[in-house]
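Read the structure below first, then the notes.
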Amino acid sequence: MKYIKYILTLILIAVVSGCTTVQPWERESLSSPVMIFDKNPVEKGIKIHHIEFREGSAGATGSQSGGCGCG
């Protein structure tokens, strides 16, 4: 029983230590084009444009710029 508490404590410490706050000056390296999941971002942009035009709505598609959501 004693070892179970130690193991659970170690797991909790490992999980909590993985959380961090990203500072504004660190976002530059995290917003590298390598981090984009789309194979062809231009094609995705065209597709989103057509969907926005057809549905008459825009937005809520995310931002692929500096991480601040401003571009």
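Readers should treat all values here as calculations from the given coordinates under stated rules, not as data from a laboratory. The structure displayed is predicted, hence computed values, not measured ones. Here Cβ is always computed from backbone atoms with ideal geometry, including for glycine, and neighbour counts include all displayed protein chains.
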Item to complete: Report the label-to-label distance for S32 and L12 in nanometres (one decimal), using points 7 Å from each Cα along the Cα→Cβ vector.
Response: 3.6 nm
Worksheet, complete the sentence: Computed ³J(HN,Hα) along region 47-56: with the Karplus parameters 6.51/-1.76/1.60, θ = phi - 60°, integer Hz and x for glycine or proline, the list is 4, 4, 4, 5, 5, 4, 5, 5, 8, x
Worksheet item: Excluding same-chain residues fewer than 8 positions from K44, which aspartates and glutamates have a Cα within less than 16 Å of its Cα?
Response: E52
